[in-house]
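The values are calculated or read from the model by the stated rules, or taken from the named source; none is laboratory data. Keep in mind that this is a model prediction, so the values were computed, not measured. Cβ coordinates were reconstructed from backbone atoms using ideal geometry, including for glycine residues, and neighbour counts include every protein chain displayed. Accessible surface is based on the protein model in full, side chains and every heavy atom, while ligands, DNA and RNA are left aside. Shrake-Rupley method; radii C 1.70, N 1.55, O 1.52, S 1.80 Å.
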Amino acid sequence: MAAPEVSVARWSPKQVARWLEEEGFGEYVDLLCTEHRLDGVSLLTLTEYDLRSPPLKIRVLGDIKRLMLSLRRLRRQNGTALQELGVACEGRDQACDGWDWVCSGRGHDSCDGPTRRSASGLCHQHQHANGKFRPSGSELDPECWKTAVSSVYVMLVCGLTSFVMVIVHDRVPDMQTYPPLPDIFLDSVPRIPWAFAMAEACGLVLFSIWLLVLLLHKHRSILMRRLCSLMGTVFMLRCVTMFVTSLSVPGQHLQCSEKMYGDVWEKLRRALAIWSGFGMTLTGVHTCGDYMFSGHTVVLTMLNFFVTEYTPRGWNFIHTLSWVLNLFGIFFILAAHEHYTIDVFVAFYITTRIFMYYHTLANARAYQQSRRARVWFPMFSFFERNVHGPVPNEYCWPFDKPAFMKMLIG
């Protein structure tokens, strides 16, 4: 293709349409130039993400790749125009391979987080935790009403879990007739009386770290919604496993009395006490029979995965501390002989699988609108319908500056 007579940055949609036809993409002229008024500036900043995502949603992979190759050639031929736009390929090939740019006329605010800014202040990029660059997360709709729905969901599930814990307590097998089952870890490691309190202390520290991350994360509403939906789903599964099979107590130190709550209203009062105490022994809650699988392990593991997923890769200390608290918490649960080893193993496996499956589907945008996702994962489809791709780890101060600070700053 011959060099353009005027700078590409000054091209009109008609000139872009002419270039598309010359490159063999005439079938997309109406979509790009007529419907979406793509001009020279838009063309130079067009990315593969833009082509794949709404509103363009080009589905032919070969056309996407060939069009990106043509765009890279055009960028190489118009380096000056790119510099005028503030788009510079720092330390990379001039084609900007793998970089997604978002250009706007606005400056950066305090929520830009890990962001680089060009000299002109027009273009900026955001880095996700996996090291890839993606469009600005400022386009993500927090959809706070969905977060409220997920909060109600997890609260109802916790209430149901508390009631099921009361029911299984009444069904716990007699300790004299059904002694503790053989267990490799419990039979090999002596019981540590204070270990369960330490496990809950690990959970409290992890929860404090997560609260800090949630408070400072720019997309805290989406993070909270995902935590509530995943936690509620895992505990719903736990209700089923607790109810269908009652295991014998894992240790003789556990004093479990049968038929403690015969009256329905007494059961509900006890369930409310468990729910309000978060099922923790530190708050005075003591239960039996809720062994398969370990709820404490679920909470520890889920918090660990959320902390490590939604903090930047460079925060090695936080990631290491999160994993140490998770693994030590699991060890203390077993050392206290409050759960069988299989309870902890199944809890860790289910929690990690559900977390990874959910985020894999959420990050793979092609599945979000699929019929299969709507049928098999209706809650996922509902919560993630408007979240396109990975949520970038951007941080900002959640509170407005006081009036006197604004006056001092100017």
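Scan region 364-401 for residues that are modelled with pLDDT of 85 or more, part of a helix (DSSP H, G or I) and crowded, with 17+ Cβ neighbours inside 10 Å and jot them down.
Answer for region 364-401, where residues must be modelled with pLDDT of 85 or more, part of a helix (DSSP H, G or I) and crowded, with 17+ Cβ neighbours inside 10 Å: 380, 383, 384.
Please determine, by comparing only the residues of region 32-50 that are among the hydroxyl-bearing types (Ser, Thr, Tyr) and over 17 Å from residue 73 (Cβ atoms), which one is most open to solvent (accessible area, probe 1.4 Å).
34
Can you find, within region 217-259, the residue that is modelled with the highest pLDDT among those that are among the polar types (S, T, N, Q) and closer than 17 Å to residue 342 by Cα?
241
Within region 51-70, can you find the residues that are assigned to a helix (DSSP H, G or I) and open to solvent by less than 50 Å² (accessible area, probe 1.4 Å)?
51, 62, 63, 64, 67, 68, 70, listed by residue number.
How many of the residues making up region 162-181 are part of a loop (DSSP other than H, G, I, E, B) and in contact with a Phe, Trp or Tyr (Cβ under 8 Å, 6 or more places away or on another chain)?
1
In this structure, does residue 283 turn out to be closer than 16 Å to residue 346 by Cα, out of contact with any helix residue (DSSP H, G or I) (no Cβ under 6 Å at 6 or more places or on another chain) and surrounded by fewer than 20 Cβ atoms within 10 Å (Cβ to Cβ)?
Answer is no for this residue.
Test residue 3 against the criterion of being more than 30 Å from residue 218 (Cβ to Cβ), open to solvent by less than 40 Å² (accessible area, probe 1.4 Å) and modelled with pLDDT under 85, and give yes or no.
Here the answer is no, as residue 3 does not meet what is asked.
In this structure, is residue 83 more than 26 Å from residue 363 (Cα to Cα), modelled with pLDDT under 80 and either part of a loop (DSSP other than H, G, I, E, B) or charged (D, E, K, R) (or both)?
No; evaluated as a whole, the condition is false for this residue.
Residues being in contact with a Lys or Arg (Cβ under 9 Å, 6 or more places away or on another chain), open to solvent by 20 Å² or more (accessible area, probe 1.4 Å) and more than 22 Å from residue 288 (Cβ to Cβ): count how many of those fall in region 149-193.
Of the residues in that region, 2 qualify.
Suppose we filter 301, 320, 297, 308 for residues that are part of a helix (DSSP H, G or I), among the polar types (S, T, N, Q) and open to solvent by 80 Å² or more (accessible area, probe 1.4 Å); which single one remains?
Checking each option against the conditions leaves just 320.
Look through region 214-242, keep the residues that are among the charged types (D, E, K, R) and open to solvent by 40 Å² or more (accessible area, probe 1.4 Å), and return whichever of them is farthest from residue 355 (Cα to Cα).
By that ranking, first place goes to 218.
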